[in-house]
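Notes follow once the structure below has been shown.
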Amino acid sequence: MQATARAQPNIALIKYWGKRDTERNLPAVGSISITLDELYTEITVAFEASLGADVLTLNGAPAPDMLPRMSRCIDRVAGADRPAGRIDSVCNFPVAAGLASSASSFAAAAVAAAAAAGRDYSTAELASLAGQASGSAARSLYGGFVELANVNDDIALDVLIDEAAWPLRVVVAITDAAAKKTGSTEAMEISRRTSPFYGRWLDEQPRDLDAARDAILARDFDRLADVAEHSCLKMHSLTWTSRPPVVYWNATTLECLQAVRELRAAGVGVFFTADAGPQVKAVCLPDAAGRVADTLSAVAGVSHIIESGIGAGARRVDAR
Ligand code: PMV
C-alpha cells in the first residue's frame, strides 16, 4: 500500500525550547505557531516487504543521514512489525537550516504512513505521533494559528483561528542555507542543563502564551508583535547563555532584525522571529509585505527571500 501526504512548515510565534520528557519528546512548555502555505514537504510512503530495509530519498537523492529518525517515526505510526518502506520526500525549501523542515517532514510522514498502513488515526493522534519525532511537527497537522498545550501526560492542539481569519504574510530572509551544526534537540538539552535563565523561561511562558492568544483572537497586530519578538529573543538568550553556547545567528541575521525594527518604528506592520537557524522570518500585515520584502532583500548577505501566506494542515494528496 502506498500513500502521499503534504505538510507545510510552521513558525512559532511563542517558542518552545526544552523538553519535559526526552523519551517521549514532550515539550517543556506550550507554544503558538502559524502554519505557512508556500513552503511544503510532500512524502510518499510505499510499504514493500521485498525491500528488506527502509530506503529514503530527498528530492530524488538518497538521504541516509535522515533515515533512522524517519524510520522510527514510521514505526510509531505503522507499528515496528510493518514491512520495509520506500520513502520519497520532496521539499521545496532548504532542509535543516532553521526553516522547520523537520516539522513539515514528520507531519507529512505521519499522515502518509498511516494511510499506507491503513490505520485510521484522528488528527490529534497523528499530531501526537509526529510530535514524538519533532516537537514542532505536531503543530503542522493543523492550519492557521495553532496552540500546542501540555495537558496531563501528553500534548493537546487547538486551532485558535484558521488561515482565512487573519491573512498575515511571512517574508523569510535566507542568510545562510547550509544545514545547522547543532540540532535543536541537542541544543535544548544543553540549555535545560546549563542556562541560568532556564527556570525563569519555564515560569514566564504561560504569561506569554496568554498575551499572544489574546492578541490573535483580537487580531491585535501590535500586541502580538511585542510578545512574539520577546519570546524569540528570550529563546535565543537561552542558547547564548548555555554552556557551551549555541549561537544560531550570523551578522546578516542581526542586520535583518535591525531592518525590521526600523520598519516597525516607522509604522510598518511587521515583526521578526527566528528559530534554530540564521534565517529571519518577518511576519507582516498584508499591505506591508512588499515593502518588507524589498527592505530585507536589500540587506547585504541575504541570498534570497521567500514569501508566504498562512496555510492549511497536513493532508493526504493522492487519490484514496
Ligand atoms: O521541533 P523541534 O523539536 O526541532 O524544535 C523546534 C524549536 C523551535 O523551532 C526553535 C521553536 C518552536 O517552537 O518551533
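Quick rundown of the values:
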quantity: Qualifying residue in the range 265-272 (condition: without any contact (Cβ under 8 Å) to a residue 40 or more places away in the chain, touching a helix residue (DSSP H, G or I) at 6+ places or on another chain (Cβ under 6 Å) and surrounded by fewer than 21 Cβ atoms within 10 Å (Cβ to Cβ)); calculated: yes
quantity: Every residue from the range 65-79 that is at pLDDT below 95 and surrounded by fewer than 17 Cβ atoms within 10 Å (Cβ to Cβ); calculated: Asp65
quantity: Considering residues of the range 241-253 that are surrounded by 15 or more Cβ atoms within 10 Å (Cβ to Cβ) and in a helix (DSSP H, G or I) only, the residue farthest from the ligand (Cβ to nearest atom); calculated: Thr252
quantity: Hits in the range 161-196 - residues which are away from the ligand (no atom under 14 Å from the Cβ), more than 24 Å from Leu217 (Cβ to Cβ) and out of contact with any helix residue (DSSP H, G or I) (no Cβ under 6 Å at 6 or more places or on another chain); calculated: Ile174, Asp176, Ala177, Ala178, Lys181, Arg193, Thr194, Pro196
quantity: Within the range 50-158, strands (runs of 3 or more DSSP E) holding 1 or more residues that are of a type in the set (Phe, Trp, Tyr), at negative phi and within 13 Å of the chain's Cα centre (by Cα); calculated: 145-151
quantity: Residue that is away from the ligand (no atom under 16 Å from the Cβ), within 14 Å of Leu254 (Cα to Cα) and among the aliphatic types (A, V, I, L, M), where the choices are Ala300, Ala293; calculated: Ala300
quantity: Flag for Ser231 being closer than 24 Å to Ile306 by Cβ, within 13 Å of the ligand (Cβ to nearest atom) and touching an Asp or Glu at 6+ places or on another chain (Cβ under 8 Å); calculated: yes
quantity: Enumeration of residues in the range 27-48 that are within 14 Å of the ligand (Cβ to nearest atom) and either aromatic (Phe, Trp, Tyr) or free of Cβ contacts under 8 Å to residues at least 60 places away in the same chain (or both); calculated: none
quantity: Members of the range 282-320 that are in a loop (DSSP other than H, G, I, E, B) and within 27 Å of Ala5 (Cα to Cα); calculated: Gly309, Gly311, Ala312, Gly313, Ala314, Val317, Asp318, Ala319, Arg320
quantity: Among the residues listed as Arg24, Arg6, Arg20, the single one being touching a residue at least 24 places away in the same chain (Cβ under 8 Å), assigned to a strand (DSSP E or B) and under 22 Å from Ser191 (Cα atoms); calculated: Arg20
quantity: Which listed residue, of Ala156, Ala178, Ala165, is within 22 Å of Val247 (Cα to Cα) and not charged (D, E, K, R); calculated: Ala178
quantity: Matching residues, the range 253-285, being basic (Lys, Arg) and more than 20 Å from the chain's Cα centre (by Cα); calculated: Arg261, Arg264
quantity: Selection within the range 92-125 - surrounded by fewer than 24 Cβ atoms within 10 Å (Cβ to Cβ) and either without any contact (Cβ under 8 Å) to a residue 12 or more places away in the chain or out of contact with any Phe, Trp or Tyr (no Cβ under 9 Å at 6 or more places or on another chain) (or both); calculated: Pro94, Val95, Ala96, Ala97, Ala115, Gly118, Arg119, Asp120, Tyr121, Ser122, Ala124, Glu125
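To keep it simple, each residue is scored yes or no on (1) at pLDDT below 95; (2) surrounded by 16 or more Cβ atoms within 10 Å (Cβ to Cβ); (3) closer than 24 Å to Ile32 by Cα.
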position	(1), (2), (3)
Cys256	no, yes, yes
Glu262	no, no, no
Ala274	no, yes, yes
Ala282	no, yes, yes
Ala288	no, yes, yes
Asp294	no, no, no
Ser297	no, no, no
His304	yes, no, no
Ser308	no, yes, yes
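The values are calculated or read from the model by the stated rules, or taken from the named source; none is laboratory data. The structure displayed is predicted, hence computed values, not measured ones. FYI the Cβ positions are ideal-geometry reconstructions off the backbone, even for glycines, and counts take in every protein chain you see.
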